[in-house]
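Have a look at the structure below, then the notes.
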Amino acid sequence: MRILALCLALMACLAATISATTTTTKTATASKHGSNYIVLLNQTTDISDFVPRLIEGAVEFFHKLIKDVSNDLEDLISRTNDDDDSKQLHVKRTFDIGGTFKALDVELMDDRLLEKLTSGAFSEIVSVIPDEEIQFDLPRPAKAVKVDKRYYIRPVRVPDAEPVYANSEPSRRRSRPRRVTSSSVITGGWSSSASDAYPGWSSSESPYVPTATKSSPFAAGPTEAAIEYDEQENAPWNLVRVSERDLDADQPYIYDARGGHGVTVYVVDDGIAIHNTEFEGRAKRGWSALTEGDNAGDKGNETTTLASSASKKKHVDPLDGGGHGTHVAGLIGGKTYGVAKNVSLVSVQVLNANGKGTVSSLLGGIQWIMEQEKNHTHPALINMSLGLSKKGDGAKALAQVIDAAVKGGLPVIAAAGNSASDACDTTPAGSERVYTVGSTDRDDEMDPYSSYGKCVNMLAPGFDIKSAYIGKKSATATMSGSSMAAPHVSGVAALLLPDLKDPSPEALYKALDKLATKGKVTNLPDKKTPNKLLFNGQHKTEKQ
């Protein structure tokens, strides 16, 4: 009886082992991807040395795991070989941003390896967080020309073609504004070699390569007498507002005629429809989580890592996104709806068309920007009209990355949020190193949906705002939210940067604060929210 009982016990143990092995295999077969995590490392970690040791440690852990489960039955079961074991942990990419943020994006085919990563076996590991897919609440366009409510639609969806076209109308035809030809005025201390067709780009089809070169680290800008201005008649109310001290929608939009020429704004969002006529060839695709690499290209890519319903619609390029990023980019630098009409725009697509993105996609996009700007050869900044609650681990990682970017010399302009709550509770809006923007309407009242508080640095038009959109090449849409307010500030920043002797984030933020119109906004929700309204610095009709 004892022998029979022992045999039954051994058979049960064997069956459990085979079942566990089969289950793991089936899971891996059914899903080509395992569980994704972000491994945060301390700043002293040598990533090139650490990764091989991490993989080796994972292999050893997996061997011990199998050995413990199978006990003395190893000769009775089929085990994976060493080569297969090494694939139980896959390092998808590494992050090293300014030397102050280091992390790994890893895929675990067996979640039991998480025990190894969090056990303290590697002193370099600070923490491990899930690489979660996050749903961002992005504003969506109104369905009618007249807007009588705030549009923060849930759930986020990609608009169908016909509604997009119904919301869209050709941009009002205007003659091209006069261009200033004096090189001392155009460059403002920056020299550049750019093609006429694509100013600021080496070619229309090649990966993003900024062609501007810095003539001196603290070159002086033009004198006030040298600056010339263009006027846009019948301009949208929001543009007029940022060039006037007092509310007067009948005035033209007056702006520095250089229009941000030579400045690059990275739009971290859900993509840009770069062929929209608003961009005149000045918008390019830089990095996309959909293709996980440089130069997403002009024709798109149906093979995606962030699933997008846009890829299922033949008439929508998934790299165009859901329209949010296009709308934002149009406000920064569109020919009709943009604040800085000659700026170069780069799409950094970290969200899909439905407004979803992973922690690793956000980190990857910021890292790519830092790689492009590591030599600081031209003025540049980042616009982030998105955010998430500070409570999650992913938000903490994102905050660290953004801080590293600002420390590395890149200004970051962020939307305050649309939750009618304290902006300090969200990332990136709550970061001390980020310039955070709340939303106002056409009557200089603060948008009641806008987030507020001491973390807000500036208020700007954000309600009932028309700009470029996806669909037809002339598509437009009307949207509301702090997502629309932030790009106004990014546009003004692009106008100011060429003339700053010190183009650091701190100096830019101070310049924006100094120019702001004080005391004009009503219905502020608290005393901590600054009563500062965006002004673009024009002194043709306004005193500084």
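The values are calculated or read from the model by the stated rules, or taken from the named source; none is laboratory data. Bear in mind that the values here come from a model prediction, so they are computed numbers and not experimental data. Cβ placement follows ideal geometry from the backbone for every residue including glycine, while neighbour counts extend to all protein chains displayed.
Need the failing condition index for Ser439 against (1) part of a loop (DSSP other than H, G, I, E, B); (2) of a type in the set (Ser, Thr, Tyr); (3) free of Cβ contacts under 8 Å to residues at least 60 places away in the same chain, just the number.
Status for Ser439: all satisfied but (1).
Residues that are of a type outside the set (Val, Ile, Thr) and crowded, with 23+ Cβ neighbours inside 10 Å, at least 3 per element: which strands (runs of 3 or more DSSP E) completely within segment 314-424 meet that?
In segment 314-424, 344-349, 380-384 are the strands (runs of 3 or more DSSP E) which contain 3 or more residues that are of a type outside the set (Val, Ile, Thr) and crowded, with 23+ Cβ neighbours inside 10 Å.
Output the qualifying pairs, or none if there are none: Cβ atoms under 7 angstrom, residues six or more apart or on different chains, first residue in segment 115-144 and at pLDDT 85 or above, second residue surrounded by fewer than 18 Cβ atoms within 10 Å (Cβ to Cβ) and part of a loop (DSSP other than H, G, I, E, B).
Glu124/Asn42; Val126/Asn42; Val128/Thr118
Does segment 427-434 include one or more residues that are assigned to a strand (DSSP E or B) and touching a helix residue (DSSP H, G or I) at 6+ places or on another chain (Cβ under 7 Å)?
Step one: filter segment 427-434 for residues assigned to a strand (DSSP E or B), giving 427.
Of the ones still in play, those that are also touching a helix residue (DSSP H, G or I) at 6+ places or on another chain (Cβ under 7 Å) are 427.
Yes, segment 427-434 has at least one match.
Run down Ala420, Ala415 and say which single residue is in contact with a helix residue (DSSP H, G or I) (Cβ under 9 Å, 6 or more places away or on another chain), among the small types (Gly, Ala, Ser) and in contact (Cβ under 8 Å) with a residue 12 or more places away in the chain.
Numbers: Ala420 fails: in contact with a helix residue (DSSP H, G or I) (Cβ under 9 Å, 6 or more places away or on another chain).
It is Ala415.
Please verify whether His261 is crowded, with 21+ Cβ neighbours inside 10 Å, at pLDDT 95 or above and either in contact with a strand residue (DSSP E or B) (Cβ under 6 Å, 6 or more places away or on another chain) or of a type outside the set (A, V, I, L, M) (or both), treating the condition exactly as stated.
Spelling it out, His261 is indeed crowded, with 21+ Cβ neighbours inside 10 Å, at pLDDT 95 or above and either in contact with a strand residue (DSSP E or B) (Cβ under 6 Å, 6 or more places away or on another chain) or of a type outside the set (A, V, I, L, M) (or both).
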